[in-house]
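The values are calculated or read from the model by the stated rules, or taken from the named source; none is laboratory data. Bear in mind that the values here come from a model prediction, so they are computed numbers and not experimental data. Neighbour counts are summed over all protein chains in view; Cβ atoms, including those assigned to glycine, are modelled from backbone coordinates with ideal geometry.
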Amino acid sequence: MSNIDQEIQEKTEKSYNIKNLNLRTKIINSFKFLLLARYRLDQFQGKSVESRHPKKRSKLKRMLKSSFTLFGVIIIFIIISFAIFGHWIAPYSYEQATGWNINDWAPPSPEFPLGTAYAGRDVLSRIIYGTKTALVISLSSVSISLIFGIFLGMIAAYYGKWIDSIIMRTMDIILAFPGLIFALAFLAIIGSTIEHVVLIFGLIGIPYYSRLIRSSVLKAKELDYIAAAKVSGASSWRIMFKHVLPNSIQPIIISTSFDIGRLILSLATLAFLGFTDPRYVDWGRDVFLGRRYLYDAPWASFWPSVMISICVIGLMIVGDGLRDAFDPRYQLATR
């Protein structure tokens, strides 16, 4: 046998032995994985994390893929910057923007870029400070609605029967009243302080979120992995908040952006009708104070109205982007 034939035979035997060794190693590791607790768990967890991150990045890319959605994100970023850094951005201090000054209803000038409003207050400073008031009230109200709405909706859907009937009929009673009329009636009785406004709008939003999460939980609790969690002995609270809620929260995320925009518009409506806290700058109140001077000083009502519109439009655009990214049914419908 020539040297070339011997080398070929040796390489063939070596590759055969390597294949047998790899096969034996795979078989042994498979039995270890089945029989030994936590064997190679870190490796599998790392692969699980790696498999999850591309999905999150793809959702974010899908959301920001549209230039229209990116425009909405920029609007929200600017509005949040006004709310956080308003004291550095505004040309006048908060005390000057809420105090009494001269030059009532003065036109735009280098001293007052957007003119002045009631009591000589700078319009530019007030629309910047009003951003914080709008976001604080709307986010606080939505937080109350989210916490109690998700909790009640999950309890009703998971346990069902008479618990579901009691909770949902109570929510139906609240929904039977128009939200704005409900808020007007209560604020007229208890006073229109900022705390009362947050409480009333938080209460009004609870039925909406409870019904939304209930419909998602009713679908999720019938899936196989929930039955497996029950068989394994997991408690009801662990199943609800560890397994059901993460897989039912997407509709809530999508609707929250729309709800914040709706709340800002409702707050402006209440302020225009006089139900507002005079201690804080409010866009709706500025529009109300400038309504009698639409011909002499249109800037006093125009710029607060523009800020309300920009804020609501930006939130609606972001809500559309979230729906495109998180709701697969909408993606299929638009193809």
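Key figures for this structure:
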{"item": "Odd one out for Trp105 among (1) in contact with a Ser or Thr (Cβ under 9 Å, 6 or more places away or on another chain); (2) modelled with pLDDT of 90 or more", "result": "(2)"}
{"item": "Residue in region 156-172 that is closer than 29 Å to Asp277 by Cβ, within 24 Å of the chain's Cα centre (by Cα) and not small (Gly, Ala, Ser) present", "result": "yes"}
{"item": "Flag for Ala228 being at pLDDT below 85 and either closer than 27 Å to Thr170 by Cα or in a helix (DSSP H, G or I) (or both)", "result": "yes"}
{"item": "Qualifying residues in region 78-102 (those that are among the hydrophobic types (A, V, I, L, M, F, W, C) and farther than 21 Å from Ile310 by Cα) - the one modelled with the highest pLDDT", "result": "Trp88"}
{"item": "Matching residues, region 262-298, being more than 29 Å from the chain's Cα centre (by Cα), without any contact (Cβ under 8 Å) to a residue 24 or more places away in the chain and over 22 Å from Ile190 (Cβ atoms)", "result": "Arg291, Arg292, Leu294, Tyr295, Pro298"}
{"item": "Flag for Ala325 being surrounded by 22 or more Cβ atoms within 10 Å (Cβ to Cβ), assigned to a helix (DSSP H, G or I), at pLDDT below 90 and at negative phi", "result": "yes"}
{"item": "The one condition in (1) surrounded by fewer than 18 Cβ atoms within 10 Å (Cβ to Cβ); (2) more than 29 Å from Gly321 (Cβ to Cβ); (3) modelled with pLDDT of 80 or more that Phe275 fails to fulfil", "result": "(1)"}
{"item": "The lone exception for Ala300 - which of (1) among the aliphatic types (A, V, I, L, M); (2) closer than 18 Å to Leu199 by Cα; (3) touching a strand residue (DSSP E or B) at 6+ places or on another chain (Cβ under 8 Å) it fails", "result": "(2)"}
{"item": "Helices (runs of 4 or more DSSP H) (entirely within region 108-210) containing at least 1 residues that are touching a residue at least 40 places away in the same chain (Cβ under 8 Å) and among the β-branched types (Val, Ile, Thr)", "result": "123-159, 161-175"}
{"item": "Test: residue in region 42-51 that is at pLDDT 60 or above, more than 30 Å from Tyr293 (Cβ to Cβ) and of a type outside the set (Val, Ile, Thr)", "result": "no"}
{"item": "Any hit, region 124-139, residues being surrounded by 14 or more Cβ atoms within 10 Å (Cβ to Cβ) and farther than 30 Å from Ile204 by Cα", "result": "yes"}
{"item": "Lone unmet requirement of (1) out of contact with any Phe, Trp or Tyr (no Cβ under 6 Å at 6 or more places or on another chain); (2) farther than 17 Å from Ile79 by Cα for Ile310", "result": "(2)"}
{"item": "Qualifying residue in region 243-250 (condition: surrounded by 17 or more Cβ atoms within 10 Å (Cβ to Cβ), hydroxyl-bearing (Ser, Thr, Tyr) and under 16 Å from Leu180 (Cβ atoms))", "result": "no"}
{"item": "Criterion violated by Thr131 - all others in (1) modelled with pLDDT of 90 or more; (2) more than 30 Å from the chain's Cα centre (by Cα) satisfied", "result": "(2)"}
